[in-house]
1. Compute the length gained on full extension between B:Asp142 and B:Glu99: take 0.36 nm times their separation in residues and subtract their Cα-Cα distance, giving the result in nm to one decimal.
2. Take B:Met131, A:Met97, A:Met222 and sort them by solvent-accessible surface of the protein heavy atoms, 1.4 Å probe, largest at the top.
3. Helix-only estimate, please: 222 nm mean residue ellipticity of chain B, summing -39500 (n - 2.57) across DSSP H runs of length 4 or more and dividing by its residues, to the nearest 500.
4. Quick one: what are the phi-derived ³J(HN,Hα) couplings along segment B:214-225, Karplus 6.51/-1.76/1.60 with θ = phi - 60°, whole Hz, x for glycine and proline?
5. Farthest toward the dipole's positive end in segment A:12-221, which of A:Gly129, A:Ile15, A:Phe88, given Cβ charges of +1 (Lys, Arg) and -1 (Asp, Glu) about the Cα centre?
6. Dipole size in debye (nearest 20) for the protein assembly as shown around its Cα centre, Lys and Arg Cβ +1, Asp and Glu Cβ -1?
7. Under a 10 Å cutoff between Cα atoms, tell me which one of A:Gly85, A:Gly32, A:Gly62 has the largest fluctuation in the Gaussian network model of chain A.
8. Calculate the all-directions average of the projected area of the protein assembly as shown's alpha-carbon convex hull, and give it in nm².
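The values are calculated or read from the model by the stated rules, or taken from the named source; none is laboratory data. Not measured: the values here are computed from a predicted model. Positions of Cβ are backbone-derived with ideal geometry, glycine not excepted, and every protein chain shown enters the neighbour counts. Please note that ligands, DNA and RNA were not included when accessible areas were found on the heavy atoms of the full protein model with its side chains. Shrake-Rupley method; radii C 1.70, N 1.55, O 1.52, S 1.80 Å.
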Amino acid sequence: MPADNPPTGLSRELIALRVARELEPGSVVNLGIGLPTLVAGFVEPADHILFQAENGILGYSGVSESDFDADLINAGGQPVALVAGASFFDTADSFAMIRGGHIDAAVLGGLQVSARGDLANWYVPSRGGGSVGGAMDLAVGARKLIVAMAHVTRDGEPRIVEVCDYPLTARRCVDVVITDLAVIDVSPSGLTLRETAPGVSVNDVVAWTGAELDTSGPVCEMPL
Amino acid sequence: MIAEYFDTPDDAIADIADGATILVGGFVSAGTPSNLIRAVRRSGRRNLTAVANNIGLGDLLDELCEDRQLAKVIATFAIRASGTRSSRFEAQYRAGEVELELVPQGTLIERLRAGGAGLGGVLTRTGLGTMMAEGKQTMELDGEEWLLERPLRGDVALLKAWRADRLGNLQYRLAGRNFNPVMATAAELVIAEVEEIVEPGEIPPDQVGTPGIYVDRLVQCEPIPVRWEG
C-alpha cells in the first residue's frame, strides 16, 4: 500500500450526488436505508425519477420533517413528501414490483462487494443477528443495482474484495459501485474503473481495492 | 360476517393464549396496532411468537421484551448494523432468551400471502446462495434455480387501519397498509384497531382495503404516536 490512510475522497453527500447522476431520467428507483436515502435530495425534478419505498409508496420526494405523519414514512422510517401522481399499496404489491423486475434501479449500501459482483450488506459477523429488510429482494429483483459505500472500512480494509467473507445478500447482483474514491463497473469479466474522485489517482484506487481492477480503459474524473 | 366490537384493546385480545403466534401489522410507525400491542403487554401472556416487519426500532413490539413475553420473533429488521443503540429485544437475543428468524421482507410477505391464500409455498430467487437458503429445499425448473419458502400463518393477527364499519371492512390511509391486508388473510382470529368506526356504506366500496370477510374483531382507539429510532 502506498500510504497508511486512503486519500480523502467524497463526502457522503457528494457520493449521493454522484449516484443521483447515475440514475436514468424517467426511471423508477428504490433507495436503501442510510447513505442511499440521501440520493432523493439530489435528483433534478425535471428528470422525473420516481422513488419507490418498499413499505408501499411509489412517488415520494426527499425527507420532510415538517408535519410528521406516522403513516407517511419511507422504508427508513423517515417522514417524506409526495410528488404529484404518487400511489400507495400494500407490501405484497410492493414486492411484486421489486421481485417482478418492475424497478429500474436500486441503490443499496454495502459492507463488501466481490470481483464477480456478489454483495454483502445485511449482516456484520461481529454483531450477529442482522437486519435484512428488502435488501435481498432488491438485489435479485432490481434491473440495475448500484452499491453506494465507503471504499474502505474504518480500519482501512478494502470493501471491494476478491471474495466476500461477510454473509451474502445475493450472488452476482451488483452492476456499479460508487464510493468516496471511484466509480467501478461490475461485469461477468470483473471490475472496471470508470471514474476517480477529484484529487484521487488511479493508483490510489488500485491500492485501496482488494480485487483485480481493470484500469486500461478511459478513466475520467467524476463529474460532480 | 359481522365484526364484533370491543370497548378496549384489552378486552379485544383477552383470550389470546400463552404460546400463540401473533402476526403484527405495520411498518415502524405506519399502520402499526400500538394499542393492541400495549394490551398484549398488559395481558402478561408469555411464550409468544411475534411475526412483524420490525422489532426494536422505536416500535412498541419491543415492550413485549420488558418482561420476556416473546419466545420467538420472525422479522426483517431486528438487530441494528451499528452498535450505537440497542433495543430490549437485542439484549434479550444476545442473552439467548429469545429466538430470531430473520426473513427477507419480500419472502415474509409472500409466505404470509401463501398462508392466507391456501397455497403450498413460494418459489423465489431471493436468498439463493445466502444463509437464508440453509436447510431449505431448492429446485430447478426450466433451467432456473428456485428456493422453496413455506407458508406462514398466525393464531391471531393484530392490525391497524384508519376506519372500519360493522361488517369489518377496513380503510387505510397513506402508507398505513403495508403488511396489514395480507396478515388479515393469514390468521385464525383477526383483530383490528381503528381510529374511527363508521356505518356500512360510509367507506366507499372502492376504498375498502381489507374486505370485512377477514376481520373478526374491532376496537376504536386513539393512535399511539411512534417514531423510528434508527
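1. 11.8 nm
2. Numbers: B:Met131 75, A:Met97 45, A:Met222 10 Å².
So the residues, ranked largest to smallest area, are B:Met131, A:Met97, A:Met222.
3. On the way: 5 runs with 38 residues, N = 230.
Result for chain B: -4500 deg cm²/dmol, rounded to the nearest 500.
4. 8, 9, 9, 9, 10, 9, 8, 9, 6, x, 9, x
5. Result: A:Gly129, furthest along the dipole toward the positive end.
6. Details: 37 positive and 62 negative charges, 116 e Å.
Approximately 560 debye in magnitude.
7. With Cα springs under 10 Å in chain A, the top fluctuation among A:Gly85, A:Gly32, A:Gly62 is at A:Gly85.
8. Values: hull surface 88.4 nm².
In nm², the orientation-averaged hull projection of the protein assembly as shown is 22.1.
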